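The values are calculated or read from the model by the stated rules, or taken from the named source; none is laboratory data. From a predicted model like this one, the values you see are computed outputs, not experimental measurements. Note that we place each Cβ from the backbone using ideal geometry, even for glycine, and neighbour counts take in every protein chain shown. Side chains included, ligands, DNA and RNA excluded: accessible areas come from the protein's heavy atoms. Shrake-Rupley method; radii C 1.70, N 1.55, O 1.52, S 1.80 Å.
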Amino acid sequence: SFPAASGLAEMGAHWIHGPSPGNPVFCLASQYGLLGPEAAREENQQVEGGGHPPLPSVTYGSSGKVLNPKAVREARDLFYALLASTRAFQGSKEPPWPSVGQYVRAEIARTVPTMAGGQEDARRLQLAVLAACLKLECCISGTHSMDLVGLEPFGEYVSLPGLDCTFPGGYSSLAERLLSDLPEGAVLVNKAVRTIHWQGSFREEGDGGGRVFPVRVECEDGDVFLADHVIVTVPLGFLKERYQEFFQPPLPERKAQAIRNLGFGTNNKIFLEFEQPFWEPEQQLLEVVWEDESPLEEPDADLEANWFKKLIGFVVLQPPEQHGHVLCGFIAGKESEHMETLSDAEVLSAMTHVLRTMTGNPDLPAPRSVLRSRWHSAPYTRGSYSYVAVGSSGDDIDVLAQPLPEDPRDPRPLQLLFAGEATHRTFYSTTHGALLSGWREAERLNQLFQAPVPA
């Protein structure tokens, strides 16, 4: 959470996805009193959102007018029905297509003749809305294209019930509350690790006859920590780039292959602050549709000229009394990564162009400030979160989560443990998946410490 405008900008996680009793983030936030009264309502905990927050929305088209809500709803209903039908291929030996994107597009192509009652203009509009739906799914999956997301394993992901909610005091209020329970100085931040040496015999310097440790954590500033066990929670994007030199000796090939197989992409946010809102008070989501696009046609590959067309639209930060008049745009993939290379002025100019085009108002005042995340440029993340890519499966997630050394007879077990969202088979890409994976590894160590010592 980052101070911005008159409120907070969530640069990372935005919502608690599926705030209900099965979500440990929701349970902790409730226990600590960090949520608003609405979020705790029992009826809200029973809403089935399917990972798509049902916000009151308006859909703008590139012709400069609000699109017909009925046509938008019909196209969206078709898309979500197709997405739901992907679950039928879970465990299939021969899915009809390798990727979610290819399957969805093939099914859309099949329905085109009957779409919108055969009326050409209405059909073109519905295809444009379907193209926008695919972009939204790219944001949710953290990928450049749904063609990169494996069809067979897609149904393993589990969405929890509950109406997605936010933290009034920012997502980091939960981390701060957890931190306050720990002894002062127990957590070191801004302490970048260069290499984790394992399967060794390391002693404190000058301690000739002292205890021997199997793990030596070497920091970029030269500091060293010796340990029996290390829980590695770095993002998969960092592992993809650095796993070969980050661990010495190198990881077993099976784990290295899992790191290579799994997908990891970028989803960024662009916050725009306005003097006055141009949207209606009840509108919480401003969707953007480029009416000349179709999921059955290749998008323009010119990132420099068209990167902003990958933007799915803007969430209105709530409540305005806390945040001011702020829109939060979402953009995924290569276009999102290109956005990171631009100046604030260039991003502001592009967003002003999008909003003036969509509203049909060439005099719409430009935002007074812009703030954006840059998750791909960040050296210790190199993107946002994981997905199960074509050619990988949930088994790769389990292999990534497997502690080392793998030999159960090793006298010094559990030297390297692995946690983080990319190690949770059914909740990958989520904060609750990350939290549960950390608890899983902590419990693994608890069990080790409680085990009887061999005679």
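Structural remarks
- Residues within the stretch 321-336 that are out of contact with any strand residue (DSSP E or B) (no Cβ under 8 Å at 6 or more places or on another chain), touching a residue at least 24 places away in the same chain (Cβ under 8 Å) and open to solvent by 30 Å² or more (accessible area, probe 1.4 Å), tallied: 1
Conditions tested, residue by residue: (1) over 30 Å from H376 (Cβ atoms); (2) surrounded by fewer than 19 Cβ atoms within 10 Å (Cβ to Cβ); (3) out of contact with any Ser or Thr (no Cβ under 8 Å at 6 or more places or on another chain); (4) at pLDDT 95 or above.
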position	(1), (2), (3), (4)
A29	no, no, yes, yes
G33	yes, yes, yes, yes
N44	yes, yes, yes, no
G50	no, yes, no, no
L55	no, yes, yes, no
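- Meets criteria (under 27 Å from T430 (Cβ atoms) and not in a strand (DSSP E or B)) for A305: no
- Failed condition for D407, given (1) within 27 Å of F274 (Cβ to Cβ); (2) at pLDDT below 95: (1)
- Listed by position, the strands (runs of 3 or more DSSP E) contained in the stretch 259-300 that have at least 1 residues being at negative phi and polar (S, T, N, Q) are 267-274.
- Among the residues of the stretch 434-441, some residue qualifies, meaning at least one is over 21 Å from the mean Cα position of the chain (by Cα) and open to solvent by less than 20 Å² (accessible area, probe 1.4 Å).
- Any chance V189 is assigned to a loop (DSSP other than H, G, I, E, B) and at pLDDT 95 or above: no
- Wholly enclosed strands (runs of 3 or more DSSP E) of the stretch 1-103 bearing at least 1 residues over 24 Å from the mean Cα position of the chain (by Cα): 57-61
- Filter result for S386 (surrounded by 17 or more Cβ atoms within 10 Å (Cβ to Cβ), within 30 Å of L67 (Cα to Cα), hydroxyl-bearing (S, T, Y) and in contact (Cβ under 8 Å) with a residue 40 or more places away in the chain): no
- Given (1) without any contact (Cβ under 8 Å) to a residue 40 or more places away in the chain; (2) surrounded by 15 or more Cβ atoms within 10 Å (Cβ to Cβ), index of the condition G118 fails: (2)
- Single residue of E107, E152 found to be in a helix (DSSP H, G or I), closer than 21 Å to S294 by Cβ and at pLDDT 95 or above: E107
- Of all residue pairs spaced 6 or more apart or on separate chains, those with beta-carbon atoms under 6 Å, a first member in the stretch 60-77 that is on the phi > 0 side of the Ramachandran plot and a second member that is not in a strand (DSSP E or B) are G64/G360.
- Near pairs, Cβ below 7 angstrom, 6+ apart or cross-chain, from the stretch 223-248 (touching a residue at least 60 places away in the same chain (Cβ under 8 Å)) to any residue that is open to solvent by 50 Å² or more (accessible area, probe 1.4 Å) and hydrophobic (A, V, I, L, M, F, W, C): none
- Filter result for the condition that a residue is free of Cβ contacts under 8 Å to residues at least 24 places away in the same chain, of a type in the set (K, R) and farther than 30 Å from P252 by Cβ, over R356, R372: R356
- Residue list for the stretch 167-193, filter: touching a Phe, Trp or Tyr at 6+ places or on another chain (Cβ under 8 Å) and open to solvent by 60 Å² or more (accessible area, probe 1.4 Å): R177
- Selection from the stretch 221-239 of residues that are outside any loop (DSSP other than H, G, I, E, B), more than 20 Å from G433 (Cα to Cα) and not aliphatic (A, V, I, L, M): F225
- Where E204 falls short, out of the listed (1) touching a Gly at 6+ places or on another chain (Cβ under 9 Å); (2) under 30 Å from L262 (Cα atoms); (3) open to solvent by 50 Å² or more (accessible area, probe 1.4 Å): (2)
- Of everything listed in (1) among the aliphatic types (A, V, I, L, M); (2) open to solvent by less than 50 Å² (accessible area, probe 1.4 Å); (3) part of a helix (DSSP H, G or I), the single unmet condition for A345 is (2).
- Number of residues in the stretch 155-183 that are touching a residue at least 12 places away in the same chain (Cβ under 8 Å) and not in a loop (DSSP other than H, G, I, E, B): the value is 6.
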